[in-house]
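These notes are about the structure you will find just below.
Rule-based calculations on the coordinates, nothing more; no lab input. Computed from a predicted structure; not experimentally measured. Positions of Cβ are backbone-derived with ideal geometry, glycine not excepted, and every protein chain shown enters the neighbour counts.
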Amino acid sequence: MRKLKLQMQISIDGYVAGPNGEMDWMVWNWDDEIKQYVSQLTDSIDTIVLGRKMTEGFINYWESVVADKPDSEEFPFANLMVNTPKYVFSKTLQSVPGKNVTVENSDLTKVINELKKRDAKDIIVYGGAGFVSSLIDNKLIDEFHLFVNPTAIGKGLKIFNSISSLKLAEVKAFPCGITLLKYIS
């Protein structure tokens, strides 16, 4: 069975964004080691799941890199993000512009479990906070790849709403200051 993997940046005090979704606290000058880790993680997937609130920014950003910045260091990753099938979960939207996008209005648990049963590579979720919280609350995430930034922001959006017992699988400090905490459920 396929795994659902979460890749998310998080502050040292447990927030994934500021109170209004700010991400200005995140470390973006990634070193080669962290880029290689993310590349290996991405090589293990062939499906992306997203919540409605994160979708527009995610799709617009990566499609603009593919369309306008072919010489960018991000181009190969952007190409992968654009060409990978994406499932957007929404209670309000019926369609979303973008390449390889399917909107799901059905029961989250049922759809994720159906996706997990397909014979293919694993699935990754990048966010947003509310959507990831729903996945955690429904015990749908199999691996947590949390990139802990060396910053405390004091308040903001979180993904854990209750006790979640996880097993530590890996810890890795990267030269850029981010520490990976990988947990399995």
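Things worth noting here:
- Highest mean packing first, where packing is the average number of other Cβ atoms within 10 Å per residue, the peptides 95-105, 124-134 line up as 124-134, 95-105.
- The alpha-carbon positions of the stretch 113-185 define a convex hull whose volume is 118 Å³ per residue.
- Efficiency of FRET between K110 and S185 - r from beta-carbon atoms, R0 22 angstrom, step 0.05: 0.70
- Each part reduced to its alpha carbon centroid, the stretch 1-69 and the stretch 134-177 end up 13 Å apart.
- Using the Cβ-Cβ distance between N29 and Q94 with R0 set to 30 Å, the FRET efficiency from 1/(1 + (r/R0)^6) comes to roughly 0.15.
- In the stretch 10-71, Rg over Rh equals 0.98, where Rg is the alpha-carbon radius of gyration and Rh the Kirkwood radius from pairwise Cα distances.
- In plain terms, if you count all Cα to Cα distances in the stretch 19-177 and split them into 10 Å steps from zero, the share in each step is 9, 34, 42, 15, 1 percent.
- Within the stretch 58-185, percent of DSSP bridges classed antiparallel, to nearest 5: 75 percent
- In this label model, S44 and N161 are separated by 2.7 nm, measuring between points 7 Å along each Cα→Cβ vector.
- GNM flexibility winner over the chain from E56, E73, E22 (Cα, springs under 10 Å): E73
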